[in-house]
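Here the structure is laid out as structure tokens; the discussion comes afterwards.
The values are calculated or read from the model by the stated rules, or taken from the named source; none is laboratory data. If you're wondering where the values come from, they're calculated on a predicted model, not measured in any experiment. With ideal geometry, Cβ positions are generated from the backbone for all residues, glycine too; neighbour counts draw on all protein chains shown. What goes into the accessible areas is simple: the full protein's heavy atoms, side chains included, and nothing from ligands, DNA or RNA. Shrake-Rupley method; radii C 1.70, N 1.55, O 1.52, S 1.80 Å.
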Amino acid sequence: MPLAVDDIRIEPHTEPALVTASPGADDEARLVVLRSSGVLDSSPDPELDRWTAALRRNTGAAVAALSFLDASRRLVTSVCTVAGAAGTVSELALSESFESYVLGQAAPAGSGRLYAEAPIAVEGQLLGQIGIADSARSEWAKDDLEALADTATAVATALALRLAKSEAERVQQLVASHNTVHDLIARGEPLRDVLIEILESIDRYDPSVKASLLMLDATSHTLHSGLGPSLPPEWLAAIDGVVIGPNVGTCGAAAWSGRLTVTGNIAEDPSWAPIRDKAKAAGFGHCWSMPIKSAGGDVLGTLALYGPRPRLPLPEQLAWLGDWARVAGIAIERRQALGRLTHDARHDSLTGLPNRRAIFEALDEAIQRVEGEDMAAVLFIDLDGLKDLNDRLGHDRADEMIREVGERLSLAMRPDDFVGRFGGDEFIAIAEGIGNREQAASLGLRLLDEISQPLPGVDSTVVTASIGIALARSNAVDARDVIRASDSAMYDAKRSGRDRVTFFEGDERMHAGRRLVLVRELRGAETRGEMRLVFHPVLALPALEIVGVEALLRWTSPTFGEVAPAEFVPIAEETGAIVPIGTWVLRESCEMMARASEPGRPLELNVNVSARQVSDPDFALWVRQTLAHAEFPADKLGLEITETSLLRPNAVTARNLRELAALGVRIVLDDFGTGYSSLSWLKQHPFSAIKIDGSFIDGLAGNRADYAIVAAVIGMAKAIGCTVIAEAVESEHQLTVLRELDCPRAQGFLFSLPVPAEELGALLRVRGRPPHGMAEAA
């Protein structure tokens, strides 16, 4: 609403009286408005300077100035005199008069001075004043006062526009923060990361408060795991473990009552007495705490907002505080549910012990830690006469007996040992660091003794067990073989009369096969320096110019030495080790080629990728990041994919291939013709090249069918715009036929063996002429 002349205060006259716009909300609402509009910054505001300069010119005043209130201070953000804008922001105490400041800018103290000011208000909130002063006149003309009122209205309008834009940006920021948090929840990210994102979102949205979150331990009725990215660590440590109660601070009371609890002034709240000094040291004047609840209404924790001075929350702040508390509740409940599902998936419902799946995982890990003379002992424990007990006592009492036995086994084992329920009345115990058979036997006998103690509540029934022990002496044995061995020994104990311990004597049957050793040694081989790359040149025909290389992987096993790729690559595919290995190959080869290529003329690089890699949702992103890091051109990288990678349609694989092709990466169909070759693939996927398998090239010498197939593939590829690469070219005759068929490219031992990285530079220097030994062929 435009200001009228009557809204202006004129000095030294007392009429008309000052008429100010009613704030309509507390001081904090005004500060939110000002800070959002940017007028409380410490730097000058050019837009406001233009308004005060125009006002001074229009009124002929000696000075025009604009000020805003900010908590305990007044900021004079714009001052304009005959000499121009001041270019600085002055800070005044609230006790200092804006009028005196402006008059002091107009004339020396004691001289005749004239002053007038108008309020700056937006939506009923008084934000500040704009004033003019002069020492050369006795009164203001009506036009001067109207100019002052119009300028005040114009400044308020400009601020209102800023606020509208700022509010829209804040809403967008809030929506984006919500989306980020819900995405983290959906992806199953760690709960701590989700909660930290919530707190940081609050801190970004409203810098006047600092957010904190505490989790409730329902058993001890205490609050723990304090999170607060912008809070002092000393404060988080001080409130960790606080007991909840109706008069225990703000968070303790909120968790106790399950209702919003507001402390407007910490200094005056008696419930804060025990830690008031710590709150003061942390710079806190208020605390508002919202309980975080589950869908069923149970309190899970508290979400609190702290601030530097005493005040009550605004309605808007309470609204989004409650909203974020609900989101935090969803995150906590989801994590608890996942935790229960994860626990249930790996634990037996009757005894609470680890189940069969967890047993194999634990045994795998224990075997990997076997070294030197120490062994891992696996004890297979089977209760004797369970069927008779079921018939005599009933299943409920038998279940009680099984639970009791599970507890006794856990207590009888050493603290670092493992006990699980294998199923029915069968248990597995794993003891590591066993030095000899006597130690394992002693442990087995101790377990028999514990089991045979009379069972409470089951009359005077005594239960016995048969225990079979197998010793894992190497980290190269398989967990299933060890379980089978201990199971076999257990049956030997039963056949020998029960209630006894028997060792498995056929240890030679638990040998470590070559494949099992390869599986274990492949894990992390690329990080231990066992992997290396060699490069096989690709030549353009008919000139025999080297146009690129294919990166090939080699592995030296610590146990078996050189292992052929045909042996270890399928194993890596099956076990998943191909993913980190493939990642290493792509990164290393791109970096090597970027270093080895001539400046401005990089050669093409082909890299084999697995079906597991291509089906990873983040594969295309990772390739793009790798290329950027290595500074290797995307259009010089070719990813070779075998037909088997495309046997089963996969939306993720198809999307990755499209994204990579759009990036400029060449997609190469490798070993074409050896698998289930489908012409529809060539239409469905963005292939830029096809590699004809060496089995067809080998038959070019005398097999008419192979000749026809190779000729057809070359013709088809040309028709659809694909390049053809003939693999495994090893003879002059094969080269001659390929030239006759106008095959674009070839690769094989006829031209060069794969060379190691240190010889790559020398190989690339022959680009443009045939390699050594190819003069006659050329």
May I ask you to list the residues in the stretch 177-210 that are in a helix (DSSP H, G or I) and open to solvent by 50 Å² or more (accessible area, probe 1.4 Å)? Asn179, Thr180, His182, Asp183, Ala186, Arg192, Asp193, Glu200, Arg204
Taking the stretch 729-740, which residues are buried (at least 17 other Cβ atoms within 10 Å of the Cβ) and more than 14 Å from Leu539 (Cβ to Cβ)? Val737
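Does the stretch 370-395 hold any residues that are among the hydrophobic types (A, V, I, L, M, F, W, C) and assigned to a strand (DSSP E or B), and which are they? Please lay out each step first, then the result.
Kept after step one, since they are among the hydrophobic types (A, V, I, L, M, F, W, C), are these residues of the stretch 370-395: 370, 375-381, 383, 386, 389, 393.
Met375, Ala376, Ala377, Val378, Leu379, Phe380, Ile381, Leu383 - these are the residues of the stretch 370-395 that are among the hydrophobic types (A, V, I, L, M, F, W, C) and assigned to a strand (DSSP E or B).
Do you know which residues across the stretch 265-289 are surrounded by fewer than 16 Cβ atoms within 10 Å (Cβ to Cβ) and more than 14 Å from Trp235 (Cα to Cα)?
From the stretch 265-289, those surrounded by fewer than 16 Cβ atoms within 10 Å (Cβ to Cβ) are 265, 267-268, 270, 273-274, 277, 280-281, 283; that's our starting set.
Within the stretch 265-289, Asn265, Ala267, Glu268, Pro270, Ala273 meet the criteria.
Let's see how each residue does on (1) under 25 Å from Ser225 (Cβ atoms); (2) touching a residue at least 12 places away in the same chain (Cβ under 8 Å):
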{"residue": "Asp150", "(1), (2)": "no, yes"}
{"residue": "Ala164", "(1), (2)": "no, no"}
{"residue": "Val181", "(1), (2)": "yes, yes"}
{"residue": "Ser201", "(1), (2)": "yes, yes"}
{"residue": "Arg204", "(1), (2)": "yes, yes"}
If you check every pair at least six apart or on different chains, which have Cβ atoms under 9 Å apart with a residue in the stretch 734-745 that is more than 16 Å from Glu545 (Cα to Cα) first and a residue that is among the hydroxyl-bearing types (Ser, Thr, Tyr) second? Val737/Tyr707; Leu741/Tyr707
Let me spell it out: the conditions are (1) buried (at least 19 other Cβ atoms within 10 Å of the Cβ); (2) in contact with a Gly (Cβ under 8 Å, 6 or more places away or on another chain), and Glu526 meets all of them except one. Which number is the exception? (2)
What's the number of the condition Ala476 fails, among (1) at pLDDT below 85; (2) surrounded by fewer than 16 Cβ atoms within 10 Å (Cβ to Cβ)? (2)
Considering Leu114, Leu159, Leu148, which residue is under 14 Å from Leu55 (Cα atoms), surrounded by 18 or more Cβ atoms within 10 Å (Cβ to Cβ) and not aromatic (Phe, Trp, Tyr)? Leu148
Residue that is surrounded by the most Cβ atoms within 10 Å (Cβ to Cβ) [pool: residues in the stretch 591-619 that are over 10 Å from Val549 (Cβ atoms) and touching a Pro at 6+ places or on another chain (Cβ under 9 Å)]: Pro602
Picking from Ala440, Ala470, Ala398, which residue would you name as being part of a strand (DSSP E or B) and either within 43 Å of the chain's Cα centre (by Cα) or over 20 Å from Arg346 (Cβ atoms) (or both)? Ala470
Kindly indicate the residue of the stretch 211-220 that is without any contact (Cβ under 8 Å) to a residue 24 or more places away in the chain and outside any strand (DSSP E or B) and also surrounded by the fewest Cβ atoms within 10 Å (Cβ to Cβ) among those meeting that condition. Thr219
Restricting attention to the stretch 336-354, which residues are modelled with pLDDT of 80 or more and under 22 Å from the mean Cα position of the chain (by Cα)? Gln336
Across the stretch 73-102, the tally of residues that are surrounded by fewer than 14 Cβ atoms within 10 Å (Cβ to Cβ), of a type in the set (A, V, I, L, M, F, W, C) and not in a strand (DSSP E or B) stands at 3
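Select from the stretch 708-728 the residues that are under 12 Å from Gly694 (Cα atoms), open to solvent by less than 40 Å² (accessible area, probe 1.4 Å) and either in contact with a helix residue (DSSP H, G or I) (Cβ under 6 Å, 6 or more places away or on another chain) or small (Gly, Ala, Ser) (or both) and list them in ascending order. Give the derivation first.
Going residue by residue through the stretch 708-728, those that are under 12 Å from Gly694 (Cα atoms) are 710, 725-728.
Still in the running and open to solvent by less than 40 Å² (accessible area, probe 1.4 Å): 710, 725-727.
Matches in the stretch 708-728: Val710, Ala726, Glu727.
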For Arg334: the one exception among (1) among the charged types (D, E, K, R); (2) closer than 30 Å to Phe503 by Cα; (3) open to solvent by 40 Å² or more (accessible area, probe 1.4 Å): (2)
Breaking point among (1) farther than 27 Å from Arg495 by Cβ; (2) part of a strand (DSSP E or B), for Asp416: (2)
